[in-house]
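Below is one structure, written out as C-alpha cells; comments come after it.
What follows is calculated from the coordinates using simple rules that are stated; it is not laboratory data. From a predicted model like this one, the values you see are computed outputs, not experimental measurements. Positions of Cβ are backbone-derived with ideal geometry, glycine not excepted, and every protein chain shown enters the neighbour counts.
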C-alpha cells in the first residue's frame, strides 16, 4: 500500500451513515498536540492557541464544523499539561460530556518517533474517560513529521491494537491535509456511534478536588442565572404556542426565526453575567461558575431547538432538503446552493476574497420579534427584498462571484418555496428533494 501524503489516513474505513440530527463529539489533547489547530481548521474558528506555559482554554467551546459533506459539532476541551489544573480540566470534562448527547470522544496525540511515548500520552488521557472506551477515537497529529509514513503507519496501528484495546479507530493527519477530508473521516466515525448522555459522577471525576466548596460558592449566582434563562425560555415558548395556534403566513420561517433569536438572546444573557461577575469572584470560583452557565445555556438551547423543530413542516437537519441547502446572501441577495456541510460561518462567494467588504447586513426575515408593552410578539416585516434568481454552487470552479461578506448559514431563513420550485424546474418540494437525492441537480 502506497500512502497518500495529502490525504489523512484511517485504520478502519467506515461508511458514513445519514443522521437526521446534528451529532456531537468532544476533543481531548495535551498541550501542543494540535487539538485547537485542528478544530480551528475544520470549524473555521479562531480560538486562542496555547502560547503560555500555564495557559488554558477556559471556555466550553461547541463549534459547528464548517467543511465536509455532513453536519456535526465538536466540543473543544482545554489542553491537559499540568496536575496544577486537574480540577479545572476534570470539571470542564464532566460538564462537556454531560452538557449534551455525545457520539464520540476524540483523543489527539502528537506524533512521536518514540512510539511508546504516544502510548503513554494515550493512557494519561484515557483515564479521564476510561468507562467510555467504546467511544474513543485516537487522532495522531503532525503526521508529516514521520520520515517513513508507510512503515510507521503499520507499526503504530499494530502497537495500539496490542497495547490499547479500547481504541476503536485511528486517524492520522497533518496540517497539510485537506480540512474536508479530515472532517469526513471524523464524521464517518461519529455517525457509526450512538449518541448518549454520558454519566460522569463526582466520585470518578473529582477524586483530587474539593467540589463541595466550589458548589457552595457558585450556587446562589448560578440560580440567579438559571432563573433568568428559564424566564427567557418561557417567554419564547409562549410565543411559539401562539404561532402554532394562530394563522401565520409562513409558519416555518416564523418558528425558525424564534430558534435563531432565542439562541442570540441566551448568548447575550450569558455575556451579561460574565461581565457582571468576572471581577467579583476569585479566579477558580468564576471558572466553575462560567462553565456551569455555558452548560445550562447549551441544555436550554438544545431543548428549545428540539421542541420548536417538532412543530415545523420540514427537518432543519435534513441535508437533502432544498430549504436547508438554498439560502440568500443577506447583503447582495445572491442565492447560493450548499454542496458541502458549511452549516456554520461561510462567505458569500465561491472563493475567499482577499479584500472582504465590511458590511454588517442582517438576513431578511418576513417577521421581526419585538417586545410590545413588555410582551414578546411576532411582527410582520413589510420591507421588500430584491432577489437574484441565479443559483450558484458554493463549490463552483467558476470565476469569483458574490460580495464576500461572512454570515452563518444555519441562521439564514429559507428562500421562498416558489423560488425553489423555479430553480429546480419542478412543481413540488418533494420533487426537488428527489432530484437532490439522485444527484441530478445542476446549476441552471
**Message:** Give me 337, 364, 123 sorted ascending by neighbouring Cβ count inside 10 Å, so fewest comes first.
**Reply:** 123, 364, 337
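So for each of 26-35, 305-314, 167-176 I average, over its residues, the number of other beta carbons within 10 Å; can you give me the resulting order with the highest mean first? Can you show the working numbers first?
On the way: 26-35: 23.2, 305-314: 14.1, 167-176: 19.6.
Final packing ranking: 26-35, 167-176, 305-314.
Among 94, 44, which comes first, second and so on when ranked by fewest other beta-carbon atoms within 10 Å? Before the final figure, lay out the partial values.
Details: 94 22, 44 19.
Listing 94, 44 from fewest to most nearby Cβ atoms yields 44, 94.
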**Item:** Residues in the range 9-36 that a label on residue 178 would reach, taking backbone N under 14 Å of a point 7 Å out along Cα→Cβ
**Value:** 9
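Express in nm, to one decimal, how much length is gained between residue 13 and residue 197 on full extension, taking 0.36 nm for each residue of separation and deducting their alpha carbon distance. All intermediate terms of the calculation are to be shown ahead of the outcome.
On the way: separation 184, 0.36 × 184 = 66.24 nm, distance 2.62 nm.
Working it through step by step, the gained length comes to 63.6 nm.
Over 21 Å apart: what share of the alpha carbon pairs of the range 215-309 falls there, rounded to a whole percent? Each step should come with its number before you reach the end.
On the way: 1700 of 4465 pairs.
Percentage above 21 Å: 38.
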**Message:** Test of understanding: ordering 112, 64 by Cβ neighbours within 10 Å, fewest first, what list do you get?
**Reply:** 112, 64
